[in-house]
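The values are calculated or read from the model by the stated rules, or taken from the named source; none is laboratory data. None of these values were measured; they are calculated from a predicted model. Cβ placement follows ideal geometry from the backbone for every residue including glycine, while neighbour counts extend to all protein chains displayed. The protein model used for the area step is the full one, side chains on, heavy atoms only, and it has no ligands, DNA or RNA in it. Shrake-Rupley method; radii C 1.70, N 1.55, O 1.52, S 1.80 Å.
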Amino acid sequence: MSVYGVESFLFQLGQGEALRKAYREDRGAALSGYDISEEERVAVEAIDLRWLIEYGVHPILLLRFNLTGEIPSREAYLKLLRGAPAQ
Amino acid sequence: MPIVGTFITAHAPGITGYPEAAGESERNNTFAALEELGRRVKELKPDLIVGISNDHFTAFFDPMPAFCIGLGPRFHGPNPDFERIMGLPCEEYAGHPDYAMALLNKAYDSGFDPAFSRAEIMFEDQFPIPLHFLDPGREIPIVPIYVNCMLEPLPSLSRCFEMGQVIKDVADERPERILLLASGGLSHWVGTLEEGQINAEFESKVLDALKAGKPEGLLGLTNAEIDAAGNGAHEIRNWLMAFAASAKGGRLEVLAHEPVPQWQTGIVMGAISVEDIS
């Protein structure tokens with residue numbers, strides 16, 4: 001497995017509302033079309049940024065979680081990146 | 001017609017999106033420089049802007065071209081996510097397919113094979129931020145040249161520099177008055193824990209070389225050395241291409257150099273002297 005599947009998902013998340021809506025409704029189902037491993041799926045579903053960046057996912061693609069509003073603020077994004085709870 | 005002006009600008013979303021986050025003097029100096037560049041645009045009366053910058057995974061992801069010339073008749077931007085953080089509405093930008101095709105053909109004749117796009121490419125911050133100040137009425141068409149500064153492997157600094165010669169050759173042959181706009185840089189980290197840091201040593205090294213008119217001295221920088229100034233520092237590729245397209249011996253006139261952690265960027269605004277002093 002590689003980061004490619006995760007990065008493809010994040011790129012698509014930035015392309016419009018359809019995938020965001022699907023992801024908000026059912027994260028697992030939204031990820032079903034992507035070629036990702038079980039550990040990748042768990043990390044994306046949990047928005048485990050620390051795991052994802054250490055795994056090698058491109059940080060500018062990870063930032064999509066913030067740009068699209070899944071993570072409401074840049075501060076919360078950075079907290080999650082450190083492995084701390086966002087709230 | 002030789003290129004009538006070459007500008008270098010940062011494109012940090014905070015400039016328009018959260019200006020008040022910066023200190024007063026940093027903010028004022030940044031805006032004064034942008035206003036000065038806007039004043040010069042009126043004076044230079046360009047027919048066309050050739051924009052050199054990079055996408056951040058809005059227009060390009062897979063495949064990822066090293067270089068891509070925008071042939072589209074029009075473009076749009078910023079995209080809705082950037083619209084929100086930049087505080088600027090999405091607008092239409094006129095393209096110039098004929099000039100873009102001349103660039104593409106000259107590149108092919110010169111040993112370069114850039115990708116091309118006939119689509120109405122969606123901009124993010126890379127052109128809308130500087131153009132908000134340089135051409136607020138959206139009166140000047142733009143031909144975008146995209147450089148991959150994001151996803152490894154990146155084109156070498158030397159290759160970017162050499163590609164600049166293509167831009168110069170086309171401008172010299174054509175009648176249009178061309179303004180070159182290279183946006184990006186300087187030190188900045190995007191999406192990482194280092195966000196807000198500035199690498200002052202790297203910034204001095206780059207700016208000293210460019211102010212002395214010696215961009216060639218930077219071509220030996222390794223990707224690791226550039227990484228030490230952040231993943232966004234790779235955008236110096238855009239600047240180097242613009243330098244190579246400008247008159248030989250041109251020097252960077254720095255209108256603003258403001259490291260602004262709150263905008264996550266070492267802000268640089270400047271212009272390259274256009275007189276041939278070699």
_With every protein chain kept in place and ligands, DNA and RNA left out, what is the accessible area per residue of chain B? Probe 1.4 Å, answer in Å²._
37
*What residue among B:G51, B:G111, B:G266 shows peak mean-square fluctuation when chain B is described by a Gaussian network model with Cα springs under 10 Å?*
B:G111
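Let a ≥ b ≥ c be the square roots of the eigenvalues of the Cα gyration tensor of the range B:7-57; is it rounded (a/c under 1.5), or, if not, prolate (a/b larger than b/c) or oblate?
On the way: a/c = 3.22, a/b = 1.30, b/c = 2.48.
Verdict is oblate for the range B:7-57.
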*Which residues of the range B:41-69 bury at least 20 Å² of accessible area once all protein chains are present, versus their chain alone (1.4 Å probe)?*
B:H56, B:F57, B:T58, B:F61, B:D62
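Summing both sides, how much accessible area is buried between A and B? Use a 1.4 Å probe and give Å² to the nearest 100.
Working: alone 5050 and 11200 Å², together 14480 Å².
Separately minus together, A and B give about 1800 Å² buried.
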_Suppose all protein chains stay in the model; what accessible area per residue would a 1.4 Å probe give for chain A, in Å²?_
48
*Hey, quick one: spin label on A:D35, modelled 7 Å out along Cα-Cβ, who in the range A:1-20 has an amide N within reach, i.e. under 13 Å?*
A:1-9
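What number, rounded to the nearest 500 deg cm²/dmol, is the helix-based mean residue ellipticity at 222 nm of the protein assembly as shown, given -39500 (n - 2.57) per DSSP H run of at least four residues and division by all its residues? Provide the component values of the computation, followed by the final result.
Numbers: 17 runs with 152 residues, N = 365.
-11500 deg cm²/dmol, from helical runs alone.
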*Amide H partners (placed H, <5 Å) of B:F116, local residues excluded*: B:I69
*Check B:L219: other-chain or 5+ apart residues with amide H under 5 Å from its amide H, H built from backbone geometry?*
none
*Which Cα, out of A:I47, A:G33, A:L63, lies furthest along the positive dipole direction of the range A:21-70 (beta carbon charges, K/R +1, D/E -1)?*
A:L63
*Among all the aspartates and glutamates, which ones have a C-alpha under 17 Å from B:K214's C-alpha, if same-chain residues fewer than 8 places away are not counted?*
B:E162, B:E203, B:E253, B:E275, B:D276
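Helix hunt in chain B: which complete DSSP H runs extend at least 20 Å axially by C-alpha with mean Kyte-Doolittle at least -0.5? Can you show the working numbers first?
Details: long enough: B:24-44 (30 Å, -1.04); B:157-173 (25 Å, -0.08).
Answer set is B:157-173.
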*Quick one: which residues, 5 or more positions from B:A247 or on another chain, have an amide H under 5 Å from its amide H? H modelled 1.01 Å from N in the peptide plane, none for Pro or chain starts.*
none
_the range B:1-135: equivalent-ellipsoid semi-axes (sqrt of 5 x gyration tensor eigenvalues, Cα, Å)_ = 27, 19, 13
_the protein assembly as shown: radius of gyration over Cα atoms, expressed as a fraction of 2.2 N^0.38 Å_ = 0.97
*Pull out a ≥ b ≥ c, the square roots of the eigenvalues of the alpha-carbon gyration tensor of chain A, then state rounded if a/c is under 1.5, prolate if not and a/b is larger than b/c, and oblate in the remaining case.*
oblate
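At most 10 other Cβ atoms within 10 Å and a DSSP loop assignment: could you name the GluC sites (Glu not before Pro) in the range B:91-148 that fit?
Values: sites: B:E91, B:E92, B:E120, B:E124, B:E139; in loops: B:E120, B:E124, B:E139.
Here the sparse-neighbourhood loop sites are B:E139.
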*Taking accessible area as the heavy-atom solvent-accessible surface of the protein chains with a 1.4 Å probe, which residues of the range A:45-87 lose no less than 30 Å² upon going from the isolated chain to the full protein assembly?*
A:H58, A:P59, A:I60, A:L61, A:R64, A:L67, A:R74, A:L78, A:L81
*Where Lys and Arg each count +1 and Asp and Glu each count -1, what net charge lies around B:V268 among other residues with Cβ under 9 Å from its Cβ?*
-2
*What does the charge count near B:F75 come to, summing +1 for each Lys or Arg and -1 for each Asp or Glu among other residues with Cβ under 9 Å from its Cβ?*
-1
_Only Lys, Arg (+1) and Asp, Glu (-1) charged, at Cβ; the range A:12-87 dipole about Cα centre in debye_ = 360
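Partner chain Cβ atoms within 10 Å, averaged over the residues of A:6-13 - can you pull that number for me? All intermediate terms of the calculation are to be shown ahead of the outcome.
Details: counts 0, 4, 2, 0, 2, 5, 1, 1.
For this peptide, the per-residue mean of nearby foreign Cβ atoms is 2.
If I compute solvent accessible area with a 1.4 Å probe over the protein chains, what percent of it on the range A:24-87 is carbon and sulfur? Present the calculation step by step, with values, prior to reporting the outcome.
Numbers: 1520 of 3170 Å².
Of all accessible area on the range A:24-87, carbon and sulfur atoms account for 48 percent.
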_Using θ = phi - 60° and Karplus 6.51 cos²θ - 1.76 cosθ + 1.60, couplings along the range A:32-41 (whole Hz; Gly, Pro as x)_ = 5, x, 10, 7, 10, 7, 4, 5, 5, 4
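Among residues other than B:A212 whose Cβ falls under 14 Å from its Cβ, what is the net charge (Lys/Arg +1, Asp/Glu -1)?
Working: positive: B:K205, B:K211, B:K214, B:K248, B:R251; negative: B:D208, B:E216, B:E253.
The answer is +2.
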*On the protein heavy atoms, probe 1.4 angstrom, tell me the percent of accessible surface of the range B:1-154 carried by carbon and sulfur.*
53
*Given springs between every Cα pair under 10 Å in a Gaussian network model of chain A, which of A:A22, A:A76, A:A46 has the largest fluctuation?*
A:A46
*State, in angstrom, two size descriptors of chain B derived from its alpha carbons: Rg to one decimal place and Dmax to the nearest whole number.*
16.8, 49
_Suppose we look only past 20 Å in the calculated P(r) of the range B:157-227. What percent of the Cα-Cα pairs does that tail hold?_
44
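Enter the mean number of other protein chain beta carbons within 10 Å of the beta carbon of each residue in B:195-206, as an integer.
Numbers: counts 6, 2, 0, 0, 0, 0, 0, 0, 0, 0, 0, 0.
Taking the mean over all residues of the peptide, I get 1.
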